[in-house]
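These notes concern the structure reproduced below.
The values are calculated or read from the model by the stated rules, or taken from the named source; none is laboratory data. Here the structure is a predicted model, which is why all the values come from computation and not from measurement. Methodologically, a virtual Cβ is constructed for each residue, glycine included, from the backbone with ideal geometry; neighbour enumeration extends over all protein chains shown. Heads up: the accessible areas ignore ligands, DNA and RNA and are worked out on the full protein's heavy atoms, side chains in. Shrake-Rupley method; radii C 1.70, N 1.55, O 1.52, S 1.80 Å.
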Amino acid sequence: MSANPVRGEVALPLTSGVRLLRPSFSALVAAEAEAGSLFQLLDRAAGGQARIADIGALFWHCLGDRRDAEERQQFETALLAEGVGALLPVYRALLSAVFGGR
């Protein structure tokens, strides 16, 4: 699965396979409703204060094929298995896609 940077897509490599993160308007609205302002997420990330909850929420809502609470738990378990260090570059790339525009 290949990300289309023109659409702001970012690839999330997981042990179970690559997941595509697509920051659609509705995905970003849902992420803000859960994690707070996207500007706050950006400020925290820029200040070295990124939170795992922020990463998980933004990634979850940018998945185009998400389903239910049980799948979310499995997704979050897969994120944790990858390690926070592996997630940070993807998080930065997704925030850059959101705020960089086209």
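A few notes on this one:
- Cα-projected label distance for residue 43 with residue 71, points at 7 Å along beta-carbon direction, nm: 3.4 nm
- When shorter helices are ignored and each DSSP H run of at least 4 residues is given -39500 (n - 2.57), the per-residue value for the chain at 222 nm works out to -19000 deg cm²/dmol.
- Most mobile listed residue (33, 57, 69) in the chain, GNM with C-alpha springs under 10 Å: 69
- Solvent-accessible surface (1.4 Å probe) assigned to residue 26 amounts to roughly 80 Å².
- Fully extending the segment from residue 2 to residue 86 would add 28.4 nm, taking 0.36 nm per residue of separation and subtracting the current Cα-Cα distance.
- Most positive-pole-ward Cα, 46, 73, 15, against dipole of the chain from beta carbon charges: 46
- Structure-derived semi-axes √(5λ) of the Cα gyration tensor in Å: which label, when the choices are (i) 18, 16, 14; (ii) 23, 13, 12; (iii) 20, 17, 12: (i)
- With the simple spin-label model, which puts each label point 7 Å out from Cα in the Cβ direction, the residue 26 to residue 53 separation comes to 2.6 nm.
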